[in-house]
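The block underneath contains the structure these notes are about, expressed in structure tokens.
The values are calculated or read from the model by the stated rules, or taken from the named source; none is laboratory data. Keep in mind the model is a prediction, meaning the values are calculated, not measured. Here the Cβ positions follow ideal geometry from the backbone for every residue, glycine too, while neighbour counts run over all protein chains shown.
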Amino acid sequence: MPTPHGITPTAGQGLLHGDREGRIAGYVLKVIRQVLGSTQEDLAERLRVDVTTVQGWESGRRPLTAVSAGTYLRIRHFLLRSGASPRLLPQLDTAMEADRFIGYVLSSEGPIELDGHPLASWVITRPFTDLLGWTFTGTAPAALAEAPVRRRGPAPPGPQLAADERRHVMDHLRDAAEQAAPDTAEGALLRRQAHYVAGYDQSSETVEWLAVMQRTEQRRLRSDEWTPSWAVVRSGAHTLARQGDADALPQFIGVHVETDECEIANLNYWAYWLGELTDPQLDDTFMIEVDLGAWHGDRLLEHLTAKLVAGNPYVDVVAHSLWSLVHRKPDAITPTRGTALSSAAKRILDEDGAMSPQSRRELNEVLYALRIIHRR
């Protein structure tokens, strides 16, 4: 049976096992129901099911991934008619995707079937990774954090992985990344996304492994041109920065983002990550194939401006991306957005040691560019 991204089950490792996993979607359903002020009994009555069925959905014991399409649509339509937020309802769809991935990994045993692996079949999105990361970090995606669940007794604050499950997921990701083909776009995509997801684990063993994998990937970059390995190194630098390596992003920017092609790739990936590019992508080549005119840039500009703060582990790539965006897409800068960016840039420039010397130079160039734009 095909999945939403066209992945088909393979021998010994069928994605149908993903239908047995439902902890993320169940928790998201509970959040939405409680925000609507509905009880489990209300939902059961409206859907004409027993209340124990609703309880099973929300706990994950009866995974939503295993219900019929008709039943899922009835649930969705009920939530929509009841006034579910446009920010919350899509989280349920994405949670189903995250559950299927967890189910796939937890059911995998023996040699990994790399052909059709979920992380080699599509470019995962920010909503997907936020929900997946929730099971590791306990940090809910912003849309869900704004609508906290009312817990009773010792109920967990979100979907969780047990210790043995976390070890299994990490072992699977390491094996998949190390076995991925070194010279294909699919292999690079699998490595990049396996590294990024593994980065949610803060154990010393995983941190050391990711550093080794990053050095291995850097050796594959033999020129300043964009290659699929460039995308792997980009994500690897972000992951290492998240784990406390302050030099990872400045080094990546200073060495690997020097050509127009790589600058465009960086901006296009940001646009996809933030939803300005809405079409699903099957591999990382979209980074250089999509024209910058295919997306506006206002959402990206606002996001980067908000992230231009001291203490943000990604501040150097934020500053560089703002510099690139202002020069390549000045039409995204309205007076209001320009004022906000100018204020944020001046504020962080006043803080010593908040970012690299290159970032400081680029932000000063951004301020100069903003003054020119405002004079037009």
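General remarks:
- Lone qualifier among 79, 73 - being modelled with pLDDT under 95, more than 28 Å from residue 184 (Cβ to Cβ) and surrounded by 21 or more Cβ atoms within 10 Å (Cβ to Cβ): 79
- Checked across the stretch 146-159, the condition of being assigned to a helix (DSSP H, G or I) and either surrounded by fewer than 20 Cβ atoms within 10 Å (Cβ to Cβ) or touching a residue at least 60 places away in the same chain (Cβ under 8 Å) (or both) holds for no residue.
- Yes/no for residue 207 being at pLDDT 95 or above, closer than 27 Å to residue 165 by Cβ and not assigned by TED's automatic domain parsing to the domain that holds residue 125: no
- Restricting the stretch 46-70 to residues that are among the hydrophobic types (A, V, I, L, M, F, W, C) and under 27 Å from the mean Cα position of the chain (by Cα), the residue that is surrounded by the most Cβ atoms within 10 Å (Cβ to Cβ): 57
- Extreme residue, nearest to residue 177 (Cα to Cα), among residues of the stretch 191-231 that are free of Cβ contacts under 8 Å to residues at least 24 places away in the same chain and basic (Lys, Arg): 215
- Any chance residue 359 is in contact (Cβ under 8 Å) with a residue 60 or more places away in the chain and not assigned by TED's automatic domain parsing to the domain that holds residue 252: yes
- Checking each residue in the stretch 42-87 for being charged (D, E, K, R), under 22 Å from residue 144 (Cβ atoms), in a helix (DSSP H, G or I) and in contact (Cβ under 8 Å) with a residue 24 or more places away in the chain picks out only 58.
- Of all residues in the stretch 232-253, those being touching a Leu at 6+ places or on another chain (Cβ under 8 Å), among the small types (Gly, Ala, Ser) and more than 15 Å from residue 201 (Cβ to Cβ) number 3.
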